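Asks: Pasting a structure below so you can have a look.
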Amino acid sequence: MAQALTDLSRQTGCLVQYDPQLVQSYRGRAVEGRLTTADALVQLVKGTGLEVHTDKDKFSVNQADQHAIGDKAATLQAQLGQAMQTKKLPQNKTTALHIELGAVRTSVVEFAKKQGFVSAAEKASYQRTFTKVEQLLASVK
């Protein structure tokens, strides 16, 4: 993958930032056709679990969205568990939200692997789930 990212960067003239240690165990897919740099990167990493990030003419490949979303979901799961232990929340409500947050943690990894990125719509959906849980937790403090 590192060589493929370097080659793509050289061919397009666009810098692609990545951590060589992160990408070393992945193999890139073949990139064919006339594509934008962003589309070529997505095609290259699709199926690996790596994510393409673009910001104007800056490109990076990492797993930042998966880590951020997964960490947030895990933190909220822990807070729900604490609220349930202290009897601030009923077990059935806590369990349902815990399962919903677990689904977030699973789906973000699946989307990144399937698509090569996590879309803005998916991030917004995850944020709605986080907000719902945060509001509930705030109401019992």
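Asks: When you scan segment 4-102 for helices (runs of 4 or more DSSP H) that lie fully inside it, which ones turn up with 2 or more residues that are among the acidic types (Asp, Glu)? Spell out how you get there, then give the answer.
Replies: Working: elements: 20-23, 37-45, 64-85.
The qualifying helices (runs of 4 or more DSSP H) are 64-85.
Asks: Which residue pairs have Cβ atoms closer than 8 Å, lie 6 or more positions apart in sequence or on different chains, and pair a first residue in segment 115-130 that is free of Cβ contacts under 8 Å to residues at least 24 places away in the same chain and part of a helix (DSSP H, G or I) with a second residue that is buried (at least 18 other Cβ atoms within 10 Å of the Cβ) and of a type in the set (A, V, I, L, M)?
Replies: Close Cβ pairs satisfying both conditions: GLU122/VAL108.
One line per residue, one yes/no per condition, for (1) within 29 Å of VAL23 (Cβ to Cβ); (2) over 16 Å from the mean Cα position of the chain (by Cα); (3) assigned by TED's automatic domain parsing to the domain that holds LEU41:
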position	(1), (2), (3)
HIS53	yes, no, yes
THR75	yes, no, no
GLN82	no, yes, no
VAL109	yes, no, no
LYS113	yes, no, no
ALA121	yes, no, no
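Asks: Another one. Can you name the residue in segment 123-132 that is of a type outside the set (Ser, Thr, Tyr) and within 19 Å of the chain's Cα centre (by Cα) and is also surrounded by the most Cβ atoms within 10 Å (Cβ to Cβ) among such residues?
Replies: Per the criteria, the residue is PHE130.
Asks: So which residues in segment 16-27 are farther than 16 Å from VAL42 by Cβ and surrounded by 12 or more Cβ atoms within 10 Å (Cβ to Cβ)? Break it down stepwise before answering.
Replies: Step one: of segment 16-27, the residues farther than 16 Å from VAL42 by Cβ are 19-22, 24-25.
Hits for segment 16-27 are ASP19, LEU22.
Asks: Could you count how many residues in segment 76-122 are among the small types (Gly, Ala, Ser), more than 21 Å from LEU50 (Cβ to Cβ) and loosely packed, with under 15 Cβ neighbours inside 10 Å? Quick ask: steps written out before the conclusion?
Replies: Applying the first criterion (among the small types (Gly, Ala, Ser)) to segment 76-122 yields 78, 81, 83, 96, 102-103, 107, 112, 116, 119-121.
Remaining after also requiring more than 21 Å from LEU50 (Cβ to Cβ): 78, 81, 83, 96, 102-103.
Going one step further and asking which of them are loosely packed, with under 15 Cβ neighbours inside 10 Å, we end up with 78, 81, 96, 102-103.
The qualifying residues number 5.
The values are calculated or read from the model by the stated rules, or taken from the named source; none is laboratory data. These numbers were taken from a predicted model, which means no experiment stands behind them. Quick reminder, even Gly has a Cβ in these numbers, built from the backbone with ideal geometry, and neighbours come from all protein chains shown.
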